[in-house]
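Visitor: Encoded as structure tokens, here's the structure I'll be asking about.
The values are calculated or read from the model by the stated rules, or taken from the named source; none is laboratory data. Being a predicted model, the structure only gives us computed values, none of them experimental. Here Cβ is always computed from backbone atoms with ideal geometry, including for glycine, and neighbour counts include all displayed protein chains.
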Amino acid sequence: MTDGLRVRLRVDRGAFRLDVDLDLPLRGISALFGHSGSGKTTVLRAIAGLERASGGVVALGDEVWQDDARGVFVPVHRRAIGYVFQEASLFPHLSVRANLEFGRKRVPVHERRFALEPVTALLGIENLLERRPDGLSGGERQRVAIARALLASPRLLLMDEPLAALDLRRKLEILPYLERMHGELAIPIVYVSHAPDEVARLADHLVLLDDGKAVASGPLSETLARVDLPPSFADDAGVVLDTILAGHEEDALSRLEFAGGALFVGRRREAVGTRLRCRIHARDVSLALDRPQGTSIVNRLPAVVTAVSATDTPGHVLVQLRMGESPLLARITERSRRELGIAPGLRLWVQIKGVALLN
Ligand SMILES: Nc1ncnc2c1ncn2[C@@H]1O[C@H](COP(=O)(O)OP(=O)(O)OP(=O)(O)O)[C@@H](O)[C@H]1O
């Protein structure tokens, strides 16, 4: 067995075949990312037991929900799962409080994992309890739906594009609550999305699905830094770095430290010590053999080349590097690669033109 969430599934729908074998961590958010029709929802539904895969295995640690070789299939209502869909499906005739109590009351008292007050505080819905769902905004409704799923005391939370039906403003409003859940709840979350920014911001573990196959599965930062992914994933290549806000400089810059160096960004409002996640696009990284002098680019760091691969764009290559323990990708021309003699093992300097803060 496994210490994680084991998901071995085969679904054959004629034109579409899903065949995945995943071992996901029991902590944090695992994102299933892929294009429309790649099979994300099918995986989620099979984990929940809503879809019957053949020869399947679904186990959360030592709790086995499906093992076809042993004739085990636990029905959906017996799996301790919370499911959040794109559209919140709340009971319109009940108040928010009654909607929340509905799921909670069905769980025996000794099996309840969360109490009403901390969950409503976590999702910022304390003031909505007496309201009816039809009077709420889309973002508020979705926060209530997440709270309701949590109050049913799941051991696993499945979220299928929970932000996809919201406009950008509502999305930005709800993301901090998802981040808080991630920080404060000891419950694994499998999160389906086809929005790269959402994944970069929230995920700890990333599964890339392509036409029913998992083409990559691993820690977010390592997986994004791979140079052997299908071209459709390499278009917008870039890495995510977890940093700590280490200080504010006199010239309106803030210093972010990460495992491998420090970066400077425009002054941040957060307190020193805050964790900030940032994304660095491969197209924003250039390479130099010597320490760059006479350049306006502030972020210059030493790095070592670990791999080079072709991209879908003729004349361009993707260079994988390491700055200390942290990975980085650079997209450069084949001509520059040749002129600079860039190959695995070469020590050089990177110049980072743009750092996008995700918080
Ligand atoms: N009930 C069904 N019967 C037959 N085919 C289905 C059924 N549900 C989904 N499919 C097909 O299975 C494939 C995978 O669908 P799935 O919904 O899992 O993809 P997805 O990655 O979640 O896509 P999206 O991002 O558009 O929701 C698609 O080709 C879809 O048309």
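Visitor: Only one of these conditions is not met by A88: (1) more than 25 Å from the chain's Cα centre (by Cα); (2) of a type outside the set (S, T, Y); (3) in a loop (DSSP other than H, G, I, E, B). Which number is it?
Guide: Result: A88 fails condition (1) only.
Visitor: Further question: Kindly evaluate G28 against the criterion of being closer than 30 Å to T223 by Cα and either free of Cβ contacts under 8 Å to residues at least 24 places away in the same chain or more than 16 Å from the ligand (Cβ to nearest atom) (or both).
Guide: Numbers: closer than 30 Å to T223 by Cα: yes; either free of Cβ contacts under 8 Å to residues at least 24 places away in the same chain or more than 16 Å from the ligand (Cβ to nearest atom) (or both): yes.
Yes, satisfied.
Visitor: Which condition breaks for F233 when tested against (1) in a helix (DSSP H, G or I); (2) aromatic (F, W, Y); (3) touching a strand residue (DSSP E or B) at 6+ places or on another chain (Cβ under 7 Å); (4) in the same structural domain as N127 (by TED's automatic domain parsing)?
Guide: With (1) in a helix (DSSP H, G or I); (2) aromatic (F, W, Y); (3) touching a strand residue (DSSP E or B) at 6+ places or on another chain (Cβ under 7 Å); (4) in the same structural domain as N127 (by TED's automatic domain parsing) applied to F233, the lone miss is (4).
Visitor: For T42, work out the one condition from (1) out of contact with any helix residue (DSSP H, G or I) (no Cβ under 6 Å at 6 or more places or on another chain); (2) more than 16 Å from the ligand (Cβ to nearest atom); (3) within 26 Å of I174 (Cβ to Cβ) it doesn't fulfil.
Guide: Here T42 clears every test but (2).
Visitor: For the subset of the stretch 95-121 comprising residues that are hydrophobic (A, V, I, L, M, F, W, C) and without any contact (Cβ under 8 Å) to a residue 24 or more places away in the chain, which member is surrounded by the most Cβ atoms within 10 Å (Cβ to Cβ)? Talk me through it step by step, then tell me what you get.
Guide: Restricting attention to the stretch 95-121, the residues satisfying the condition of being hydrophobic (A, V, I, L, M, F, W, C) are 96, 98, 100, 102, 107, 109, 114-116, 119, 121.
So of that shortlist, the ones also without any contact (Cβ under 8 Å) to a residue 24 or more places away in the chain come out as 98, 109, 115, 121.
Values: A98: 15, V109: 7, A115: 10, A121: 12.
Filtering first and then ranking leaves A98.
Visitor: Among the candidates T311, T295, single out the residue that is hydroxyl-bearing (S, T, Y), closer than 15 Å to A237 by Cβ and touching a residue at least 40 places away in the same chain (Cβ under 8 Å). Even if it seems obvious, please write down each step before you answer.
Guide: Details: T295 fails: closer than 15 Å to A237 by Cβ.
From the options T311, T295, the qualifying one is T311.
Visitor: So which of R10, R70, R78 is within 14 Å of the ligand (Cβ to nearest atom) and of a type outside the set (S, T, Y)?
Guide: R10
Visitor: Under 7 Å between Cβ atoms, which residue pairs at least 6 apart in sequence (or on different chains) link something in the stretch 41-54 that is under 14 Å from D12 (Cβ atoms) and in a loop (DSSP other than H, G, I, E, B) with a partner that is within 12 Å of the ligand (Cβ to nearest atom) and of a type outside the set (G, A, S)?
Guide: From residues that are under 14 Å from D12 (Cβ atoms) and in a loop (DSSP other than H, G, I, E, B), the pairs are E51/V11; E51/T42; E51/R45; A53/L9; A53/V11.
The rows are residues; the columns are (1) outside the structural domain of Q66 (by TED's automatic domain parsing); (2) at pLDDT below 90; (3) not small (G, A, S).
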| residue | (1), (2), (3) |
| --- | --- |
| S89 | no, yes, no |
| L94 | no, no, yes |
| F102 | no, yes, yes |
| A121 | no, no, no |
| N127 | no, no, yes |
| E130 | no, no, yes |
| A145 | no, no, no |
| L150 | no, no, yes |
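Visitor: Looking at the stretch 248-260, which of its residues are over 24 Å from the mean Cα position of the chain (by Cα) and assigned to a strand (DSSP E or B)?
Guide: Those that are over 24 Å from the mean Cα position of the chain (by Cα) and assigned to a strand (DSSP E or B): H248, L253, S254, R255.
Visitor: Inside the stretch 153-192, can you point out the residues that are in contact with an Asp or Glu (Cβ under 6 Å, 6 or more places away or on another chain) and either assigned to a strand (DSSP E or B) or of a type in the set (D, E, K, R) (or both)?
Guide: V192
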